[in-house]
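Note sheet for the following structure.
The values are calculated or read from the model by the stated rules, or taken from the named source; none is laboratory data. Predicted model, so just to flag it, every value in this text is computed and none were measured. Here the Cβ is made from the backbone with ideal geometry for all residues, glycine too, and neighbour counts use every protein chain on show.
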Amino acid sequence: MDHEGHEGMDHGGHEGMDHEGYEGYEGYEGHEGHEGHEGHEGHEGHEGHEGHEGHEGMDHGSHEGMEHGSHEGMDHGGHEGMDHGDMEMSPGGIPLAEGGEDRDGLEMDVLQVRLGPVLRDWPAGLVLHCSLQGDVIVEAQAELVDGRARQDDDVVGPARGIDNIASLLALAGWDDAAAEARRIRDTALESGEGAAGSELERLRRRVRRSWTLRWSLRGVRRLSDKEAHARRLPADAVGDTYDRLMGMLDRAVAGVAATAAGDTGTRTNDAGRTLSTDHLAHLVMGLDLATARLVLASLDIHELLAGQAEHEVSHG
Amino acid sequence: MDDPTSMTDSPITTVAPGWAIVALGILGALAVTAAVLDGALAARARGGPGGKMGGPVRPFGEAARLMRQRRRTTVEADRLLWRIGGAGLLVTAALMVTVVPLGEWTIFDLDVGVMWFNAMDVMVWALVWLTGWGANSAHSLVGGYRFLAHGLGYELPLMFALVAPAIAAETLNVGAVAAAQEGLWFAVWMPVAFLVYLLGVAAFSVWGPFAPAIGTDVSGGARAELSGVDRLVFEAGRYALLAAGAAFAVPMFLGGGAGPLLPGWAWVLVKTVALLAVLVWLRRRLPAFRPDKFMEVGWMLLLPAVLLQDLVVAVIAVWRS
């Protein structure tokens, strides 16, 4: 029973959860992406259960107490075209949430929630399949939709950076500063002559002066030098989310100034801002939704690359 | 309740229940004022009217849009509780203002008016949470719980902030508290309680820095699945709560209807609108107080500060008597 719910959970829940109107997102098959996940070596008991891709992605640490023997008796054929409406445990076609061990050792419901690919203030095309306990992401898988490389030119590059600043400010709940950043982004796109420079400088001063913002973002997902390197993040990702926001602002100011001066040297900077989805999921595991989104926004992603793990699986 | 005035030395008169309609009208006008001001400030931040529904007229355009919008529902929604939550905010705000004297008139001259207001603001906990719970959606539920997390941080400081004027006035009757501020407003000599109270008002209105419960990072949180009229009523409820909170601060901290030239009722309205403007403006200045972080501020900073304020007020009250 436990595991049958997995696939339906995901599909049934979509309509209600994605508010950005991406209902038409088809072709994504449940938990296929999970196959690439590592760290379930210890579970020989699962071998041979072809129909159970969904298992691999689960937090096996929490399964110690479970009786794996009980799987044998399950009707695996039922996976194909299950009608969840008929199942007692799935009112309205949405299976009930399953329990899982929480950080404090008590059992807590696990909800499967998909974030993206179209979501406000979210890297375009990124899909994060999350297992939530409360609002804490206990398990995540990143995937990319339509990962074609775009070519940012000297105008679009800095503008994208400013757009990322706007997203981070919006996620931090500062609508006013976010609106200002968006306006500056538009100016940067329209004129392309560095008219945005002085406004950007003013925004940087304003953000730097806000002690409440500093208090809110300080210490959020602090990355050490080593960690950033291991995750193939750009060197400026080192520090906490506040440091990264300041870095974004500094880069934006420099980028706009360089464009205005006709200096194309900043292009090399942008190249480092292409991140692989492989490393994103690990960054946000264990964080709550709010901080996870702040952390992702603070990475100043200009471009996403489908990760290695994703290439290994077939996308039927 | 038929003749509560005889039990107190309240300086105000209770009006016939029919006047409640007028009180509702005033509350509605104040809520619209707040929405218009917010629309104007938002347009200024964007640097222009921005779009066809920008600026001060935004609330009207938004209301018209929501009234025409089809009501959406979710699978297996707990519809009854959901509706109660969404509509309850407006009702709560209306119940709050029943004890606020407009100059010399009030609808309920309760002996325990301060407690009444407090009970109403606690009710908001249940209402926002029910709105999040009822929709049967993950984001909604996260939003609902975020509000409770904020509540744990702001509610006790808010309660003790309300205690300070009550101690100084030696009564829980709102009219009597206003009358006790002859010459010196409570806001002046108990500023900590006043500021904490204002934070509390923003918090129970899910406003500004206390808006993570309906934040964009959870697609609108508690209100994520609300649409059409439901959403309109929920939003109106938030503005009404903000207005009611500002109105209640006038007799508690700003001397009620006291002031030169103008009659009492006019002063109450002027002070209310001024406070309301401050609260609306606050949203422009501050980023969100993340619930997990705010908990620490609430318990380690606000609560001790406001308790100290109560102590100071109590010592002064004893010394004066």
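Among the residues of segment A:120-134, those that are in a strand (DSSP E or B) and under 13 Å from residue A:289 (Cα atoms) comprise A:128, A:129, A:130, A:131, A:132, A:133. Checking each residue in segment B:124-170 for being free of Cβ contacts under 8 Å to residues at least 24 places away in the same chain and either in contact with a strand residue (DSSP E or B) (Cβ under 8 Å, 6 or more places away or on another chain) or farther than 30 Å from residue B:320 by Cβ (or both) picks out B:138, B:141, B:145, B:148. Scanning segment A:231-264 for residues that are surrounded by fewer than 19 Cβ atoms within 10 Å (Cβ to Cβ), in contact with a Gly (Cβ under 6 Å, 6 or more places away or on another chain) and under 21 Å from residue A:185 (Cα atoms) gives A:257, A:260.
Condition check for residue B:267 on (1) at pLDDT below 90; (2) under 18 Å from residue B:181 (Cβ atoms); (3) part of a helix (DSSP H, G or I): one failure, at (1). Residue check: residue B:300 meets all listed conditions (1) in contact with a helix residue (DSSP H, G or I) (Cβ under 6 Å, 6 or more places away or on another chain); (2) part of a helix (DSSP H, G or I); (3) not charged (D, E, K, R) but one, namely (1). Of the residues screened, residue B:203 is not one that is more than 18 Å from the chain's Cα centre (by Cα), small (Gly, Ala, Ser) and in a helix (DSSP H, G or I). Out of all the residues in segment B:128-136, is one or more of a type outside the set (Phe, Trp, Tyr) and in a loop (DSSP other than H, G, I, E, B)? Yes, segment B:128-136 has at least one match. Scanning segment A:176-189 for residues that are more than 7 Å from chain B (Cβ to nearest Cβ) and either crowded, with 23+ Cβ neighbours inside 10 Å or within 14 Å of residue B:283 (Cβ to Cβ) (or both) gives A:177, A:178, A:181, A:184, A:188. Kindly evaluate residue A:228 against the criterion of being outside any strand (DSSP E or B) and either in contact (Cβ under 8 Å) with a residue 24 or more places away in the chain or of a type in the set (S, T, N, Q) (or both). Against the criterion (outside any strand (DSSP E or B) and either in contact (Cβ under 8 Å) with a residue 24 or more places away in the chain or of a type in the set (S, T, N, Q) (or both)), residue A:228 does not qualify.
With respect to the conditions (1) modelled with pLDDT of 50 or more; (2) surrounded by fewer than 19 Cβ atoms within 10 Å (Cβ to Cβ); (3) in contact with an Asp or Glu (Cβ under 6 Å, 6 or more places away or on another chain), residue A:106 falls short on a single one, namely (3). As a summary of the residue check, residue A:142 satisfies the conditions (1) over 15 Å from residue B:216 (Cβ atoms); (2) outside any strand (DSSP E or B); (3) at pLDDT 85 or above; (4) of a type in the set (A, V, I, L, M, F, W, C) except for the one numbered (2). Of the residues A:97, A:140, A:124, the single one that is aliphatic (A, V, I, L, M), on the phi < 0 side of the Ramachandran plot and surrounded by 21 or more Cβ atoms within 10 Å (Cβ to Cβ) is A:140. Restricting B:311, B:307, B:262 to residues that are in contact with a helix residue (DSSP H, G or I) (Cβ under 9 Å, 6 or more places away or on another chain) and part of a helix (DSSP H, G or I) narrows the list to B:307. Scanning segment B:223-259 for residues that are away from chain A (no Cβ under 14 Å), part of a loop (DSSP other than H, G, I, E, B), buried (at least 24 other Cβ atoms within 10 Å of the Cβ) and of a type in the set (A, V, I, L, M, F, W, C) gives a single hit, B:254. The condition of being charged (D, E, K, R), closer than 13 Å to residue B:230 by Cα and not in a loop (DSSP other than H, G, I, E, B) holds for residue B:83.
All conditions but one from (1) touching a helix residue (DSSP H, G or I) at 6+ places or on another chain (Cβ under 6 Å); (2) part of a loop (DSSP other than H, G, I, E, B); (3) at pLDDT below 85 apply to residue A:233; the one that does not is (1).
This table checks each residue for (1) modelled with pLDDT under 90; (2) more than 12 Å from chain A (Cβ to nearest Cβ); (3) out of contact with any Phe, Trp or Tyr (no Cβ under 9 Å at 6 or more places or on another chain).
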| position | (1), (2), (3) |
| --- | --- |
| B:129 | no, yes, no |
| B:139 | yes, no, yes |
| B:155 | no, yes, no |
| B:159 | no, yes, yes |
| B:165 | no, yes, no |
| B:168 | no, yes, no |
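Look through segment B:264-284, keep the residues that are touching a Pro at 6+ places or on another chain (Cβ under 9 Å) and within 14 Å of chain A (Cβ to nearest Cβ), and return whichever of them is surrounded by the most Cβ atoms within 10 Å (Cβ to Cβ). Filtering first and then ranking leaves B:283. For segment A:253-290, filtered to residues that are in contact with a Pro (Cβ under 6 Å, 6 or more places away or on another chain) and small (Gly, Ala, Ser), the residue that is modelled with the lowest pLDDT is A:272. Checking the structure you have, find out if any residue of segment A:208-230 is more than 19 Å from the chain's Cα centre (by Cα), within 14 Å of another protein chain (Cβ to nearest Cβ) and crowded, with 22+ Cβ neighbours inside 10 Å. Yes; the residues of segment A:208-230 include at least one that is more than 19 Å from the chain's Cα centre (by Cα), within 14 Å of another protein chain (Cβ to nearest Cβ) and crowded, with 22+ Cβ neighbours inside 10 Å.
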